[in-house]
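One structure is given below, encoded as structure tokens.
The values are calculated or read from the model by the stated rules, or taken from the named source; none is laboratory data. Just so it is clear, the model here is predicted, and its values are computed rather than measured. Note that each Cβ is placed from the backbone with ideal geometry, even for glycine, and that neighbours are counted across all protein chains shown.
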Amino acid sequence: MNAPVQSVSSASTPKPRGSDSSIGGLLLESGKITPENAERVLRMQKELGIRFGEAAQRLGLITEGDIQQVLARQFDYPYLQAGEGTYSPKLLAAYQPFSNQVEQLRAIRSQLMLRWFARGHKGLVIIGVDSGEGTSLFAANLAVVFSQLGEQTLLVDSNLRKPSQHEIFDLKSRQGLSDILAGRADTDVVAKVDAFVDLSVLVAGTLPPNPQELLSRSSFAALTPRLDQHFDVVLYDVAPFSVGADALAIASRVGGVLVVARKNHTRIEDINLLREQMRHSGAEVIGSVLVDF
């Protein structure tokens, strides 16, 4: 996260006691309260016999949202407050983790765990029919909820025509997947997303003039098992089916496909055609989801 971290000496700073000590420590570490204010909180906590977080709230030092955030950190369930970080505000799994939309994402995650990843698979292609269907945003949010589960998650932006994951996660790296496939970079260009303990992103990299040919090379076939060795879940955000056969090349290597359709936008016949083409490529269509991003 981008919250300031204040160095605190154990000799000069009081530490919250009892069951609230880790809550207080996280509030101090994240800069939500100062060491001086911690003393005020401890005095109220002792006088009233209440929890550290409750005392801090009564003093007006923190909000309920601050408490929820540090509780999430205690249980390794990272998320962000509105306006925190430089990521896209449409990352609902990061900024609104308890919303209905994110609950639906978690339900999809559970289905995928049972129907695909529990069968020993690591990679999954996320694909839509046309541009503007919210596929990349869905893939980004799905990657976040997998990381919140504690799965070591990698999101690969394999849309080498019009990539967007570098914008969603505010990543500055210019090298990425295309550069690896062309032999100009290695997997050390994978970027860890600091706000989420178990999430990494491999951006698309330099836009090539021949994306389909590049993705069809043996270098991509060699890359996927390398990524599988280091991550529990590898999600591939691919170019829309309507713009070319890139997705077919990727799906034939990865093996599994999740089709994304946009509510009141995607046509059923187009989805059926996509599913049929994926089957012909040798990929298994795990299912389809309807999004409204």
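Brief remarks on what is shown
- Residues within the stretch 26-44 that are among the polar types (S, T, N, Q), under 11 Å from residue 61 (Cα atoms) and crowded, with 16+ Cβ neighbours inside 10 Å, tallied: 1
- Taken over the stretch 160-176, residues that are under 21 Å from residue 212 (Cβ atoms) and in a loop (DSSP other than H, G, I, E, B) amount to 7.
- Flag: residue 179 matches the condition of being crowded, with 19+ Cβ neighbours inside 10 Å, assigned to a helix (DSSP H, G or I) and at pLDDT 95 or above.
- Where residue 236 falls short, out of the listed (1) surrounded by fewer than 22 Cβ atoms within 10 Å (Cβ to Cβ); (2) in contact with a Gly (Cβ under 7 Å, 6 or more places away or on another chain): (1)
- For the stretch 258-293, the set of residues classified as assigned to a strand (DSSP E or B) and of a type outside the set (Gly, Ala, Ser) consists of 258, 259, 260, 262, 284, 285, 286, 289, 290, 291, listed by residue number.
- Check on residue 250, β-branched (Val, Ile, Thr) and without any contact (Cβ under 8 Å) to a residue 60 or more places away in the chain: no
- Of all the criteria given as (1) surrounded by fewer than 20 Cβ atoms within 10 Å (Cβ to Cβ); (2) in contact with a strand residue (DSSP E or B) (Cβ under 9 Å, 6 or more places away or on another chain); (3) under 15 Å from residue 234 (Cβ atoms), the one not satisfied by residue 173 is (3).
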